[in-house]
Amino acid sequence: MAAAVEMNSMLDEKMTDVFDWSDSKLPVRDAIWNHFMDADSHDTDKTADEVAPYMSMDEAKLKSEVEKLLKA
């Protein structure tokens, strides 16, 4: 039996609903993915490895890390 992985529901919320500085309607998960895809020259395998830690972060850490990563 595979272990259940608890996903952070904030990943599915719109960027505008989580961050007052964002005007993006993308889910947080997609914004993270797009950032790394652009940074990795669209290398899907490399992006998947870099995005993986964000998928299991607790909400407070995720919000902080996404802010560092994406806030202009």
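The table below gives the values:
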read-out	value
Selection within the range 21-47 - farther than 16 Å from Met10 by Cα, touching a helix residue (DSSP H, G or I) at 6+ places or on another chain (Cβ under 9 Å) and among the small types (Gly, Ala, Ser)	Ala39
Leading residue by the ranking (modelled with the lowest pLDDT) among those in the range 1-50 that are of a type in the set (Val, Ile, Thr) and surrounded by fewer than 16 Cβ atoms within 10 Å (Cβ to Cβ)	Val5
Breaking point among (1) assigned to a helix (DSSP H, G or I); (2) in contact with a Ser or Thr (Cβ under 9 Å, 6 or more places away or on another chain), for Ser22	(1)
Boolean, Glu59 is modelled with pLDDT under 90 and open to solvent by 70 Å² or more (accessible area, probe 1.4 Å)	no
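The values are calculated or read from the model by the stated rules, or taken from the named source; none is laboratory data. The structure presented is a predicted model; accordingly, all values stated were derived computationally and were not measured. Note that we place each Cβ from the backbone using ideal geometry, even for glycine, and neighbour counts take in every protein chain shown. All accessible areas refer to the heavy atoms of the entire protein, side chains included, with ligands and DNA or RNA removed. Shrake-Rupley method; radii C 1.70, N 1.55, O 1.52, S 1.80 Å.
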